[in-house]
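First comes the structure, then the notes that go with it.
FYI, it's all coordinate maths here, none of it is from the lab. All of these numbers come straight from a predicted model, not from anything done at the bench. Methodologically, a virtual Cβ is constructed for each residue, glycine included, from the backbone with ideal geometry; neighbour enumeration extends over all protein chains shown.
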Amino acid sequence: MITIGILDLQGDVKEHQIITDKSLQELNVDGKTKLVNTLDDIQDCDGLIISGGESSTIGMHLEKTGLDQYLKDTKIPILGTCAGFVLLSNKISKDQPLLGFIDMTVERNGFGRQRMSFETDITFMNQPYNGIFIRAPYASNIGENVEVLSKYDEKVIAVKQNQYIAVAFHPELTEDTLIHRKFIKEVIRCVE
Ligand code: GLN
């Protein structure tokens, strides 16, 4: 039995929970999802999803609650989407708290502002995928241990390093469970 936590602060928390539950079912995995706000909440989680929102605000919340230190100590797998992509990085031009698990430099709002949000066909690990970009970041520089899972317009938009997966777009807003399934498999690999 695995438990996937979903950080319950901002963004598409409910949508992430729905698509994670659906992915668990599709994979026939004995697992459940749980909303996480505090250190207490996260204790029984085997992995955590950090959704979109404002990465600076989410970062401050992680610091204030001690969740950042917990994640650094336990090293449980994390799926970061959009603002979560930013938080998983270790370099950014602005001064803001980062978890720093993925060796990459991130450009926030790299595709423009809210009104320049778009939806487009991309490939994710060589499979067709519908990417929804809302003030999405991208990685302008990645370390040699970072695996690139997707690029769009020459820009790196999905990466994996060890047990950390970061995507710049919003997989929770599609029907396609590809990315959540990949994350669940990573969580299972880590608990085994
Ligand atoms: N631009 C936001 C940030 O960097 C992320 C936007 C989003 O999560 N939709 O915090």
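Residues that are farther than 23 Å from Asp40 by Cα and aromatic (Phe, Trp, Tyr) occur at least once in the range 138-154. When you look at Lys22, is it surrounded by fewer than 21 Cβ atoms within 10 Å (Cβ to Cβ), of a type in the set (Lys, Arg) and away from the ligand (no atom under 16 Å from the Cβ), yes or no? Against the criterion (surrounded by fewer than 21 Cβ atoms within 10 Å (Cβ to Cβ), of a type in the set (Lys, Arg) and away from the ligand (no atom under 16 Å from the Cβ)), Lys22 qualifies. Looking at the range 1-100, the strands (runs of 3 or more DSSP E) lying wholly inside it that each contain 3 or more residues that are out of contact with any Phe, Trp or Tyr (no Cβ under 8 Å at 6 or more places or on another chain) and not basic (Lys, Arg) sit at 2-7, 31-36.
For residues in the range 31-57 being within 15 Å of the ligand (Cβ to nearest atom) and surrounded by 24 or more Cβ atoms within 10 Å (Cβ to Cβ), which is farthest from Ile6 (Cα to Cα)? Give the derivation first.
Start the filter on the range 31-57 by keeping residues that are within 15 Å of the ligand (Cβ to nearest atom), which leaves 49-57.
Of the ones still in play, those that are also surrounded by 24 or more Cβ atoms within 10 Å (Cβ to Cβ) are 49-52, 55.
Values: Ile49: 5, Ile50: 6, Ser51: 8, Gly52: 11, Ser55: 15 Å.
Among those residues, the one meeting the criterion is Ser55.
Consider Thr120 carefully, then state whether it is in a strand (DSSP E or B), polar (S, T, N, Q), away from the ligand (no atom under 15 Å from the Cβ) and in contact with a helix residue (DSSP H, G or I) (Cβ under 8 Å, 6 or more places away or on another chain).
Working: in a strand (DSSP E or B): yes; polar (S, T, N, Q): yes; away from the ligand (no atom under 15 Å from the Cβ): yes; in contact with a helix residue (DSSP H, G or I) (Cβ under 8 Å, 6 or more places away or on another chain): no.
It is false that Thr120 is in a strand (DSSP E or B), polar (S, T, N, Q), away from the ligand (no atom under 15 Å from the Cβ) and in contact with a helix residue (DSSP H, G or I) (Cβ under 8 Å, 6 or more places away or on another chain).
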